[in-house]
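Colleague: The structure follows.
The values are calculated or read from the model by the stated rules, or taken from the named source; none is laboratory data. Here the structure is a predicted model, which means the values were calculated and not measured. Virtual Cβ from ideal backbone geometry, glycine too; neighbours counted across all protein chains shown. For the accessible areas, the whole protein counts, side chains as well, though only heavy atoms, and no ligand, DNA or RNA atoms are used. Shrake-Rupley method; radii C 1.70, N 1.55, O 1.52, S 1.80 Å.
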Amino acid sequence: MPESELVRFENEGGIGVITVDNPPVNALSPGVPQGITAAIDKGNADPAVKAMVLIGAGRSFIAGADIRQFGRGPATPPPARRHYDVSDQSPKPIVAAIHGYALGGGLETALACHYRVAVPSAKVGLPEVQIGILPGAGGTQRLPRLVGPKVALEMITSGRHVPAAEAQRLGIIDEIVPEGQLKEAAIAFARKVADKRPLPVIREHDEKLAEAKSDPGMFDAFRKSIARRARNQRAPYACIEAVEAAVKLPFDEGIAVERRLFEEQVNSEEAKALRYAFFAEREAQKLPDLPRDIQLRPTDTAAVVGAGTMGGGIAMSFADYGYSVKITDSTKEALERGMQRIRANYETSVKRGSLSAEEMEQRLARIEPVTDYDALGDCDLVIEAVFEQIPVKQEVWKKIDAAMKPGALLFSNTSGINIDIMANETKRPEDVAGTHFFAPANVMKLFEVVKGTKSAPDVIATAMALGRKIGKVSALAGNTDGFVANRSRGPFSVEMNLLVEEGALPEQIDKVMVDFGYPVGPFVVSDISGLDIGYDVRQRRKAENSNYRGAPIADRIVEAGRLGQKTGKGWYRYEPGDRTPHPDPEVARIIKETVAELSIAQHDFTDEEILKRLLFASVNEACKILDEGKALRASDVDVMWLYGFGFPRYRGGLMFWADTIGVREVYNQIAAWHQRYGERWAPSPLLRRLAESGAPLREAKTDRLR
Ligand code: CAA
């Protein structure tokens, strides 16, 4: 687009209105910064213009630099006249008028203006750290001068979006103006300040930096405070270094430090992985085989059947986002217990300080327990979350079909039962789909939508949108055993158990995965979830299939009464009231005895072997899923691992990470293990084809689910 179309300039009664118009989010794509510079020059050259307003067309102010331009070769040097400098050196005042988002380069643009006004719904922030970089357009130098280094450090290293009211309190926004009247209000503000001098230019004010000068240990203390969450990452530290430069160096030298750090960071593996994750998440929302203008069904009122841990968490997910939700269970007692659990969960948040008591009551008031299915009938959607047994489900689904109004969306939260079994219990299988939440349902962000054989396109599209409405990240899965997330995770669990049989200890395996970047190791996760669930599944499988190998050590652990954290011991032992896992000699003994009985030879494992055994097993399975057409894109698998299993985001995702090793190497290793360990490592045909062509795993995709 020519610059003139990306940025417009109009003189509105002596106020030059500069409008950035680069849909969808007014990113600073090539042409936009130049357009802003040209517009400011124009305003300054025109004696009829007294002041200027910088505003965004469409839904946002400016969402930052154009991320798609990053990583395409060496970073382009900034233009000789950056619009930020042209702006804050403008002799006429410039007012940034903010709605939607002012993020990254967008907020940096606003900080280079003399004043900032915003509507109440606007949000501002410097989220660069979330894509593995640091603010590269003066944000690390201007923000500390405006709000003080402490607040700036918190904002820049977290990247959080700050709501307008808070931004005003912090001094980032000068005035909040009425919603829907941004332009008029900003023009009025500009008139008010048109003759005021000197102009407030952030770079010229060092007063707020004093707080760090009197507290020189502040930066090291901050580094320490983020060490856990910033593990294996460089960007958060680059952010701190840049803010430190703001305090220690004159403005222009600080800018040079920021620029150097930005250039070091923008092509790093960390930044590439995080950019990939950003786009993978957005790509997952696109359903290629659906018409773009598909009409969605209403989702204003929700119902949940089953008030157990999952059902309660699902009801909370709705209530948390302002939805009215009805919940039922088979007995009054079960329903009451469920409601008590929901209240207890909210009370924990209130105790922790993450929720106010008032907000808790409001959320609870949105959850209405009802004792019969007919009371659910007028809801737009229902989510079934009852016990995972086919006969139980079948009975419940008949009742759901009988109760729900025509056109209602009928969803199941099953994690493993074929969706078609439920759909076939109804007279309207086209209205049925899976919506698989991950435990704890009100916390984990993955919302796996499962397409049954007969699910109608508008049902799938509405389910995907519904996930986003309750703050989740939706991703589509085909109807295969375990769907996509759990099926691709399955072989990881198998290998975990086998590694223990072969000589690795749970604590070694957990350490490898935590060092890799998981928040906690897989054995600790099992202890948190409870070991009895897996045990029951294995017993059922054994009964169904005499060749099923199972997990003998895990079975012995459960049979010794070690069910995980809830019994104070599982793969680890726990002190009363404390969740710190301690390696337990008793577990080592159970392992030793079981292995001796089964005559399994043990040996030492390197950390690398452990990591690859676990993750390559899942990469291979994900390839099988893709080959069978049960997932649309390899990047969807990555989104599921990021949001369902806590895979470290700065490694992109399972498939992205495998590409960093190289598809040929992954294939060769899997083929070697196939020879050594047998069928479970048989390489997926897709993986073999990719290894032959050298095409990246992360780009594997199919046009439609089969
Ligand atoms: N660059 C390029 N494309 C962007 C973009 C950006 N900064 N921000 C959003 N988009 C694209 C998205 O990819 C998406 O494209 P598709 O429709 O093709 O998928 C489209 O804009 C709409 O985005 P969302 O679906 O995310 O819309 P939303 O309303 O849910 O969220 C948002 C809007 C909060 C702005 C979100 O898009 C977002 O967080 N964007 C990134 C913001 C960011 O990180 N800015 C900093 C950039 S780095 C920088 O600025 C460096 C510097 O210092 C100069």
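Colleague: Mean residue ellipticity at 222 nm from the helices of the chain, using -39,500 (n - 2.57) per DSSP H segment of n ≥ 4 over the full residue count, to the nearest 500 deg cm²/dmol?
Modeller: Working: 30 runs with 339 residues, N = 706.
When only DSSP H runs of four or more count, the value is -14500 deg cm²/dmol.
Colleague: Among DSSP beta bridges whose residues both lie in the chain, state the antiparallel percentage, nearest 5.
Modeller: Among the beta bridges of the chain, antiparallel pairing accounts for roughly 25 percent.
Colleague: Translational D (Stokes-Einstein, µm²/s) of the stretch 591-662 at 25 °C and 0.890 mPa s when Rh comes from the Kirkwood sum over C-alpha pairs?
Modeller: Diffusion coefficient, whole number: 174 µm²/s.
Colleague: What FRET efficiency comes out for ARG68 versus ARG549 if R0 is 56 angstrom and r is the Cβ-Cβ distance? Round to the nearest 0.05. Please list the in-between numbers first.
Modeller: Working: r = 47 Å, r/R0 = 0.85.
Taking R0 as 56 Å, the efficiency between ARG68 and ARG549 is 0.75.
Colleague: Please work out the Kirkwood hydrodynamic radius for the stretch 527-594, using every pair of different C-alpha atoms, and report it in angstroms with one decimal place.
Modeller: When all Cα pairs of the stretch 527-594 are included, the Kirkwood radius is 12.5 Å.
Colleague: Per residue, how much accessible area does the chain show when a 1.4 Å probe rolls over the protein heavy atoms, in square angstrom?
Modeller: With the other protein chains kept in place, the chain gives 42 Å² per residue.
Colleague: Taking amide H positions as placed 1.01 Å from N in the peptide plane, with prolines and chain starts having none, which residues 5 or more places from VAL473, or on another chain, fall under 5 Å of its amide H?
Modeller: For VAL473, whose amide H was placed from the backbone, the distant partners under 5 Å are LEU446, PHE447.
Colleague: In units of 2.2 N^0.38 Å, what is the alpha-carbon radius of gyration of the stretch 35-185?
Modeller: Details: Rg = 15.0 Å, N = 151, 2.2 N^0.38 = 14.8 Å.
Rg over 2.2 N^0.38 Å, computed on Cα atoms: 1.01.
Colleague: Also, I was wondering about something else. Pulled fully out, how much extra length does the chain show between ASP220 and GLN602, if you take 0.36 nm times their separation in residues and subtract their Cα-Cα distance? Working shown, then result.
Modeller: Details: separation 382, 0.36 × 382 = 137.52 nm, distance 4.47 nm.
Taking 0.36 nm per residue and subtracting the Cα distance, the gain is 133.1 nm.
Colleague: Turning to a different aspect of this structure: Based on the mean of other beta carbon atoms within 10 Å per residue, what is the order of 291-304, 225-238, most packed first?
Modeller: Top of the packing list down: 225-238, 291-304.
Colleague: Then there is this: Filter the cross-link list LYS398/LYS427; LYS398/LYS472; LYS399/LYS427; LYS150/LYS208; LYS427/LYS472; LYS272/LYS630 down to pairs whose alpha-carbon distance in this structure exceeds 19 Å.
Modeller: With Cα atoms farther than 19 Å apart: LYS398/LYS472; LYS427/LYS472; LYS272/LYS630.
Colleague: Over the chain, consider all pairs of different Cα atoms and compute the Kirkwood hydrodynamic radius from their mean reciprocal separation; express it in Å, one decimal.
Modeller: Answer for the chain: a Kirkwood hydrodynamic radius of 28.1 Å.
Colleague: Express in nm, to one decimal, how much length is gained between GLU333 and ASP372 on full extension, taking 0.36 nm for each residue of separation and deducting their alpha carbon distance.
Modeller: 12.7 nm
Colleague: Could you check how much of the accessible area of the chain is carbon and sulfur, as a whole percent, using a 1.4 Å probe?
Modeller: Of the solvent-accessible surface of the chain, carbon and sulfur hold 53 percent.
Colleague: Evaluate E = 1/(1 + (r/R0)^6) for ARG8 and THR348, where r is the Cβ-Cβ distance and R0 equals 41 Å; express this FRET efficiency to the nearest 0.05.
Modeller: 0.20
Colleague: What whole-number distance in Å separates the alpha-carbon centres of the stretch 5-63 and the stretch 660-680?
Modeller: Distance between centres, Cα-based: 56 Å.
Colleague: With every protein chain kept in the model, how would you rank ARG259, ARG676 by accessible area, 1.4 Å probe, largest at the top?
Modeller: Reading off the accessible areas and sorting them downward yields ARG676, ARG259.
Colleague: For the chain, list the DSSP H helices whose alpha carbon atoms reach 24 Å or more along the long axis and whose average Kyte-Doolittle value is 0.0 or above?
Modeller: 607-627
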